[in-house]
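Have a look at the structure below before the remarks.
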Amino acid sequence: MSRALPVLTVVAAILALWYAAAVWMNATWTRDQAERAGVELSVSDILTDTMAQERPVLPAPHQVVTELWNTTARKKVTSKRSLVFHGWITLSATLLGFAIGTGAGILLAIGIVHNRAMDMSVMPWAIASQTIPILAIAPMIIVVLNSLGIQGLVPKAIISAYLSFFPVVVGMVKGLRSPDAMQLDLMRTYNASGRESFWKLRLPSSMPYLFTSLKIGIAASLVGAIVGELPTGAIRGLGARMLTGSYYGQTIQIWSALFAAAILAACLVGIVGVLQRVTLKRMGMDQ
Amino acid sequence: MTQTPVIQAQNLDLTFQTNDGPIHALKGVDLEIGKGEFVSFIGPSGCGKTTFLRVIAALEHPTGGTITVNGMTPDEARQKRAYGYVFQAAGLYPWRTIAGNIKLPLEIMGFSRAEQEERVKNVLQLVDLEGFGGKFPWQLSGGMQQRASIARALAFDADILLMDEPFGALDEIVRDHLNEQLLALWARTEKTIGFVTHSIPEAVYLSTKIVVMSPRPGRITDVIDSPLPRERPLDIRDTPEFLEVAHRVREGLRAGHAYD
Ligand SMILES: Nc1ncnc2c1ncn2[C@@H]1O[C@H](COP(=O)(O)OP(=O)(O)O)[C@@H](O)[C@H]1O
Ligand SMILES: [Mg+2]
């Protein structure tokens, strides 16, 4: 209860601000319409109208919630208007991209930790890769892959992987280097090879770091998948919903797609968090 | 003890090159350790006790002089699994059970599954931890964890046991108990033990030979062969012989300090 109260207060404040902003921002259109029709408007008329426009500048919260409800629970999941359908399209690209990004990130980290040349050369490139705006890179990836005949899921997954490999590299390098000098010396007293030290010491030690990175990585993957849907003029996926929404001024559709993406991100991060807790607890590393 | 020494150091030097200039961690160290001896290294911080143990274990390499372990270089001796090393912290892997931790060196050294089980059982008995094989480290007290780490060092049956302040982090009562157990274990296994400590009573109680060291440069100032019998109940610490040895160790430490 003591924790719920501040959270609820903040949520209530945001909702209040949101409603106020919706009234203020949508009122212009309401007044214009009324002027054209030559009608006088009372305050309550303005309030009612700004809450229920079809294409508001800023949809009111309940409009977004209603749209979310209508396009999830009340549509068949195979329908083109179902957010579950679009969500799944984005989710599948996210998961594939996350798998590729995590795999690549772990492999790069292993290389960096075990090979001096890679240690010196890979990290600067990895950092440079993240300083290039993804919006600039995404269309190029799509175009290049398209010319190779690769379309649909894979290009989006690659953009998604491009964003998610970086936190995994950083976290894994730190994790694989986390065993202290004493633990490494212990392995040396057994005459252990690099491979044995890796499997028996470095890899298990890196697990807490890996999971922290995975939480960031999966959220980044989702962003990547959505961004990957924007430049293709795709008609399926949450990114496509945002894009078509903006073509036709369907602000309610944009906002509901936005919230669907946020909810999806929260669920994905939550799932990774649960896996983290279960795994580390089983490994006795959950301090 | 007239057989060939297990460890023989002659005029051993080790200088660390640091940004603040060279540090003479060991200088002109001569020492022979015979089979089955229990040798304690005592001296103030920084006198090179850890460094000497690490040289024996081939974790550091001397910059001068010679050292042999079982008649070989330390590196060769390690490949022949000549020693088990116990660090100050137990350093058990939290993700492995006690039995799993003891199996770690056995897996690396390629013992068969059946032999691993057999050895785990034996060493757990040796350190008085029977029935704790399935527990995780966090379920054990500090003293029990340190015993498990000794079991891990014993598991592959090296005939030298190197221990660097293994009980330094434990309280006095636990320490007394572990000292007693260590002596019993030494008597049963006839291993050669190199033991670093800060404590004069601990050194005198455990050792057949006490090596007193002093710092800057790290060197040996006295080697005392203990007149105490190998059989040692805890109350031997109140006998005149014990106190006399302790007195000589203290004198040796004081003499080392006079150089400062
Ligand atoms: N890897 C190292 N690099 C530089 N100096 C070191 C290193 N290891 C130990 N020393 C120095 O060597 C000296 C002896 O250290 P050590 O053997 O750990 O002493 P002790 O164990 O007796 O306290 C100290 O002055 C210490 O700072
Ligand atoms: Mg030391």
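Throughout, read-outs are computed from the coordinates displayed, never taken from laboratory work. Here the structure is a predicted model, which means the values were calculated and not measured. So basically every Cβ, Gly included, is an ideal-geometry build from the backbone, and we count neighbours across all protein chains shown.
The packing ranking, built from the mean of other Cβ atoms within 10 Å per residue, places the peptides A:210-216, A:9-15 in the order A:210-216, A:9-15, highest first. The spacing between region A:1-57 and region B:49-79, judged by their C-alpha centroids, is 80 Å. Applying both filters, DSSP loop and at most 10 other Cβ atoms within 10 Å, to the GluC sites (Glu not before Pro) of region A:1-102 gives A:GLU40, A:GLU54. Based on DSSP H segments of at least four residues, each scored -39500 (n - 2.57), the protein assembly as shown has a per-residue ellipticity at 222 nm of -19000 deg cm²/dmol.
Sequence-distant contacts, meaning Cα pairs under 8 Å at least 6 residues apart, place the relative contact order of region B:150-219 at 36 percent. Relative contact order, whole percent, for chain B stands at 25, derived from Cα pairs under 8 Å and 6 or more residues apart. By the equivalent-ellipsoid construction on the alpha carbon gyration tensor, chain A comes out with semi-axes of 47, 23, 16 Å, ordered largest to smallest. Computed over the Cα atoms of region A:4-58, pair by distinct pair, the Kirkwood hydrodynamic radius stands at 12.3 angstrom.
Just checking the output field for B:55-68: average partner chain Cβ neighbours within 10 Å of each residue's Cβ?
Mean number of neighbouring Cβ atoms from other chains: 1.
Over the protein assembly as shown, what number does the Rg to Rh ratio reach, with both radii from the alpha-carbon atoms and Rh per Kirkwood? Taking Rh as the inverse mean 1/r over Cα pairs, Rg/Rh reads 1.19.
Evaluated with a Cβ-only charge set (Lys, Arg +1; Asp, Glu -1), chain B carries a dipole of roughly 540 debye about its Cα centre, given to the nearest 20.
Mean partner shielding of peptide A:184-194, defined as the number of other chain Cβ atoms within 10 Å of each residue Cβ, is 6.
Normalised by 2.2 N^0.38 Å, with N the number of residues, the alpha-carbon radius of gyration of region B:82-155 equals 0.97. The fewest-to-most ranking of B:CYS47, A:CYS267 by surrounding Cβ atoms within 10 Å reads A:CYS267, B:CYS47. Beyond 19 Å, the tail of the calculated P(r) for region A:20-170 holds 70 percent of the Cα pairs.
Using Cβ point charges alone (K and R +1, D and E -1), the dipole size of region A:1-104 about the Cα centre works out to roughly 620 debye. Computed from point charges on the beta carbon alone (+1 for Lys and Arg, -1 for Asp and Glu), the dipole magnitude for chain A about its Cα centre is near 1000 Debye. Partner chain Cβ atoms within 10 Å, averaged over the residues of A:126-135 - can you pull that number for me? Mean inter-chain Cβ contacts per residue within 10 Å come to 0. Between region B:183-260 and region B:80-132, what is the separation of their alpha carbon centroids in Å? What the calculation gives is 29 Å, centre to centre. Relative contact order of region A:83-282, taken over Cα pairs closer than 8 Å and 6 or more residues apart, is 30 percent.
Membrane-span-like helices of chain A, defined as complete DSSP H segments with a Cα extent of 30 Å or more along the helix axis and a mean Kyte hydropathy of at least 1.6, are identified as A:83-114. Within chain B, the selection of entire DSSP H helices by a Cα span of 15 Å or greater along the long axis and an average Kyte-Doolittle value of at least 0.5 returns B:98-108. Which one of A:VAL11, A:PRO208, A:SER197 has its Cα pushed farthest toward the positive end of the charge dipole of the protein assembly as shown, where Lys and Arg give +1 and Asp and Glu give -1 at the Cβ? Sorting the options by dipole projection puts first A:VAL11. Packing, as the average of other Cβ atoms within 10 Å across residues, places the peptides B:231-239, A:234-242, B:78-86, A:193-201 in the order A:234-242, B:78-86, A:193-201, B:231-239, highest first.
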